[in-house]
Amino acid sequence: MALTEMTFDDLMRLEQFRNERLRSFFAESLLHCVFRRDGHKVLLICCPEAWIVDKLLTDLEELCDYAWLILGSEAIALYFAQEEICRIGHNRVHYEVHSKIHNRVHKASIGIRHNILRRSWPLQKDCNRSSFRLKSL
């Protein structure tokens, strides 16, 4: 049996298929979002509208599980208007997200196997995310 190595184009195509697969499970919310994985296995999701952030926060447990299974992501970071809304690890217990969008606090208790990576809201001014540029696939 001959082993073939994957070329760079093959790897890019595979990543695109994985991204499309994840998008298909969350078609309503991820359809308008731009997302990519960084070098630390964190899925960065940039949302263009506030209702999309709310929808993703509602589906966050399921999104984390699917991102881990399909992409191998160990954490998810949600962004709105180039600011990080929350960062959740796959091994989280519960999270608390202060939403500047609707001036309310989202709280949820999510499964035992999940551990929190928590961000305070609003972010300090020195944490400028202007370098957060994503290319659409």
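Read-outs throughout are calculated quantities, based only on the coordinates presented, and are distinct from any laboratory measurement. Bear in mind that the values here come from a model prediction, so they are computed numbers and not experimental data. Glycine also receives a Cβ, built like all others from the backbone with ideal geometry; neighbour counts cover every protein chain displayed.
Between Leu11 and Glu28, the modelled label-to-label distance comes to 3.7 nm, taking each label 7 Å out from Cα in the direction of the beta carbon. Amide H contacts of Ser73: Trp68, each under 5 Å away and 5 or more positions distant or on a separate chain (H built 1.01 Å from N in the peptide plane; Pro and chain starts excluded).
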